[in-house]
Amino acid sequence: MAAKYDTPSDPYVDPTTGIMRNSVGARTQPDLDRIEAAFASVRAYELEKGPAVGRYDLDHLRSIHRSLFSDVYPWAGEIRSVVIEKGETRFAMPEHIEGAGAQLFRQLAREQNLRGLGADEFASRAGHYLGEINALHPFREGNGRAQRAFIGQLASDAGYAIAWDRVSRDDMTRASIEAYHSTPDRLSQLIRDNLTDRDHARAVELGRSLAGAGASVGYAELGQTYTGRVLGATERYVVQERADLPGELVLHNRYRVVGDLEAQRGQAVEIRYPQGDVALVMPAKAHDGPAKEIASPDKGSDFGRDFGR
């Protein structure tokens, strides 16, 4: 069988075995693939269950790669020093990776790391960044796993979860090639098809824990005005009790709400959408009646989080 890596001068390849230099004593590609997959699966699970540690920049991506592969590769987390290509796809030159990466992740930061976006918009932008990170291909091996873990953490911090296990390797490969040569639309669609809005579930749980298990929950609509107590907030939603419809709650995108909700926690407020999707907040009119105090929720709810974030 032909060697997977056939570059004689590649410093990452052991010339005696024709496979990647490794720390586990593997001397054949099947053995290395099996051991790498076993270790990386465990480390990916640990990354998924633990908090994201990093600023969504190149160092963050390097840290993820190091966490995934340091059991197997002594160079895990290091920017590659060789040119690599797959088929007609030639990835970023080694000397360009850090500069291009810094520029890419600065743009991501300007987009607030995709927080506050609806599912469609999040998937669209996440697909864009996944395609761009893939074009960088910063590491000699293990780029795919590291990229997916990075975007997965990005999704988690934005209130979503991506079921990567439902995406086949063939689908991911085709979408990645298309993103490199054309548009990231296929990558974005893969993300959207496997995206779960966990923050919505948290917002519903929070609202019902305070207003009653039978409370109905809906989204705010453009052009409308909503009056009632603010019950709390999650990463992406402000939960408001409707004074005009007892037993009904409305969810507002907290990144589209303009006003000092923190100073009015538990009080009745008026949230208006005069034009577009930006909401204005003001104290409820006097005829709406005095606001009631709301009891502190059970532990585990998000009441009292900083609304001004």
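The values are calculated or read from the model by the stated rules, or taken from the named source; none is laboratory data. Values in this document were obtained by computation on a predicted structure and should not be read as measured data. Heads up, the Cβs are rebuilt from the backbone with ideal geometry, glycines too, and the neighbour counts pull from every protein chain shown.
Taken as a whole, the condition of being modelled with pLDDT of 95 or more, under 27 Å from residue 94 (Cα atoms) and of a type outside the set (S, T, N, Q) applies to residue 19.
Please indicate, with yes or no, whether at least one residue in the stretch 38-46 is surrounded by fewer than 16 Cβ atoms within 10 Å (Cβ to Cβ) and in contact (Cβ under 8 Å) with a residue 60 or more places away in the chain. No, that holds for no residue. Looking at the structure I just gave you, is residue 84 within 28 Å of residue 73 (Cα to Cα), in contact with a Phe, Trp or Tyr (Cβ under 6 Å, 6 or more places away or on another chain) and either surrounded by 19 or more Cβ atoms within 10 Å (Cβ to Cβ) or in contact (Cβ under 8 Å) with a residue 60 or more places away in the chain (or both)? It is true that residue 84 is within 28 Å of residue 73 (Cα to Cα), in contact with a Phe, Trp or Tyr (Cβ under 6 Å, 6 or more places away or on another chain) and either surrounded by 19 or more Cβ atoms within 10 Å (Cβ to Cβ) or in contact (Cβ under 8 Å) with a residue 60 or more places away in the chain (or both). The C-beta contact set for the stretch 240-260 (first residue of a type in the set (Lys, Arg), second residue part of a loop (DSSP other than H, G, I, E, B) and surrounded by 17 or more Cβ atoms within 10 Å (Cβ to Cβ), distance under 7 angstrom, 6+ apart or interchain) comprises 254/236; 254/307.
Exactly one residue out of 125, 110, 90, 106 is among the basic types (Lys, Arg) and buried (at least 18 other Cβ atoms within 10 Å of the Cβ): that is 125. Take the residues in the stretch 241-275 that are of a type in the set (Val, Ile, Thr) and buried (at least 18 other Cβ atoms within 10 Å of the Cβ); name whichever of them is farthest from residue 122 (Cα to Cα). Selected residue: 269. Among the residues of this structure, residue 238 counts as one that is surrounded by 15 or more Cβ atoms within 10 Å (Cβ to Cβ), in contact with a helix residue (DSSP H, G or I) (Cβ under 7 Å, 6 or more places away or on another chain), at pLDDT 90 or above and not assigned by TED's automatic domain parsing to the domain that holds residue 163.
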